[in-house]
Amino acid sequence: MSEMSFEQMLEESLKTIRNGEVVEGTVIDVKPDEIILNIGYKSDGIITRNEYTNEPNVDLTTVVNVGDTLEAKVIKVNDGEGQVSLSYKRLAAEKGSKRLEEAFENQEILKAKVSQVLAGGVCVIVDETRVFIPASLVSDTYEKDLSKFKDQEIEFVITEFDPRKRRIIGNRKTLLVAKKAELQKELFAKIKVGDVIEGTVKNVTDFGAFIDLGGVDGLLHISEMSWGRVENPKKVFTVGQQVRVFIKNITDTKIALSMKFEDENPWNGAAEKYAVGNVVKGKVARMTDFGAFVELAPGVDALLHVSQISQEHVEKPSDVLKIGQEVEAKIVDFNEEDKKISLSIKALTAPVEDAEESTSETEE
């Protein structure tokens, strides 16, 4: 029997490997785009960047060190250059798939960073396994721009798991809805009508603003934003702004808010401030054919009847007045109960008997 050469004995001592087999090796060199492993075989194993992770442009020298031990899956025993092609991410994905299956069965809450934003949703990677979260399940409200979720770490559950069809679906919405319900229950247990509360403007519309009170939204209607007139809420409020409001009404799960605090009511002390005979100044706020409404203070308008604009005949207010014009007039009628005030410019120059005949019409 012939003796074996040293090379033959060495080769016999080394293990044999097959495609698809899982091997363990020690890192003997790391480059930015590949890892070289000693796997106890006659050739070294190579893990390229693309076979290490799904993350693009990762510098492998920042994640793996010489001397580390890694498990990988054999792709090709001979890559054409005498080395063994290995994949770390494929093995990780198999383990990840098993991990996600268990999470699906147990409805476990997972956390991962959004790695990709698509037209129809976002993707996260869990143990090198891709999970797709449709746009309708990313949030509990409609999200026009999903790009804000890029690189954001989010929580979700797996609601559909079918690895054979490469279909693993995540759901963040169900967690947000559950959390909101819990916060809503806690908030409704401690608030009541009349409470003053701090909130954050969440959304602004033409008819009002939605205020986040701590996980629950309340509506601040345009008519409750000020004692004065608000033409456009978007010119008054911005998303993220902190506001002080009070709870005006609670109906089931709906909260109506107001910023018309009673101590700021412009009609407080009005009987003295706008007593008949007082001369006041104000700005023309709007006009009709029968007169002009003059804003004496935010929330306090007075009627200047067309017959009381001038000693001379005036056909319609717009012939002599303009919106925003400041005018000086005398109070000729004051009705606190109905919150109606009548003015007269003519009374400033008219004889006393004429002033007494001035109109107190309050139609609008």
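The values are calculated or read from the model by the stated rules, or taken from the named source; none is laboratory data. Bear in mind that the values here come from a model prediction, so they are computed numbers and not experimental data. Please note: Cβ atoms are built from the backbone with ideal geometry, for glycine as well, and neighbour counts cover all protein chains shown. Quick note on the areas: whole protein, heavy atoms, side chains included, nothing else; ligands and nucleic acids left out. Shrake-Rupley method; radii C 1.70, N 1.55, O 1.52, S 1.80 Å.
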Index of the failed condition, Lys113 passing every other in (1) at pLDDT below 90; (2) closer than 23 Å to Arg49 by Cα; (3) open to solvent by 50 Å² or more (accessible area, probe 1.4 Å): (1)
If I ask for residues that are loosely packed, with under 15 Cβ neighbours inside 10 Å and modelled with pLDDT of 90 or more, which ones from the stretch 135-144 would you list? Ser136
Name the residue that is modelled with the highest pLDDT, counting only residues in the stretch 323-364 that are farther than 13 Å from Val280 by Cα, in a loop (DSSP other than H, G, I, E, B) and of a type in the set (Val, Ile, Thr). Ile323
Among the residues of the stretch 269-314, what is the count of those that are in contact with a Leu (Cβ under 8 Å, 6 or more places away or on another chain) and aromatic (Phe, Trp, Tyr)? 2
Search the stretch 116-130 for residues being of a type in the set (Gly, Ala, Ser) and open to solvent by less than 50 Å² (accessible area, probe 1.4 Å), and hand back the single one that is nearest to Gly170 (Cα to Cα). Gly121
Residue among Glu94, Glu71, Glu81 that alone is open to solvent by 30 Å² or more (accessible area, probe 1.4 Å) and closer than 14 Å to Ile168 by Cβ: Glu94
Would you check if Leu60 is touching a residue at least 60 places away in the same chain (Cβ under 8 Å), under 16 Å from Asp29 (Cα atoms), open to solvent by less than 60 Å² (accessible area, probe 1.4 Å) and among the aliphatic types (A, V, I, L, M)? no
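Within the stretch 179-193, how many residues turn out to be of a type in the set (A, V, I, L, M, F, W, C) and either loosely packed, with under 11 Cβ neighbours inside 10 Å or touching a residue at least 40 places away in the same chain (Cβ under 8 Å) (or both)?
Of all residues in the stretch 179-193, those of a type in the set (A, V, I, L, M, F, W, C) come to 181, 183, 187-189, 191, 193.
Filter once more, keeping what is either loosely packed, with under 11 Cβ neighbours inside 10 Å or touching a residue at least 40 places away in the same chain (Cβ under 8 Å) (or both): 188-189, 191, 193.
Qualifying residue count, the stretch 179-193: 4.
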Within the stretch 214-235, how many residues turn out to be in contact (Cβ under 8 Å) with a residue 12 or more places away in the chain, of a type in the set (A, V, I, L, M) and under 18 Å from Phe261 (Cα atoms)? 4
Given the conditions (1) modelled with pLDDT under 90; (2) among the small types (Gly, Ala, Ser); (3) more than 15 Å from the chain's Cα centre (by Cα), and given that Ala178 satisfies all but one, which numbered condition is not satisfied? (1)
Quick test for you: out of Lys260, Lys173, Lys283, Lys273, pick the one residue that is more than 30 Å from Ser344 (Cα to Cα) and not polar (S, T, N, Q). Lys173
Inside the stretch 194-215, the number of residues satisfying the requirement of being within 19 Å of Glu264 (Cβ to Cβ), open to solvent by 20 Å² or more (accessible area, probe 1.4 Å) and either part of a loop (DSSP other than H, G, I, E, B) or not charged (D, E, K, R) (or both) is 4
Checking the conditions here, which among Val126, Val131, Val138 is in contact with a Phe, Trp or Tyr (Cβ under 7 Å, 6 or more places away or on another chain) and among the hydrophobic types (A, V, I, L, M, F, W, C)? Val138
Residue pairs qualifying under the 6 Å Cβ cut-off, at least six apart or on distinct chains, with the first in the stretch 277-298 being aromatic (Phe, Trp, Tyr) and the second being modelled with pLDDT under 95 and loosely packed, with under 15 Cβ neighbours inside 10 Å, are Phe293/Arg286
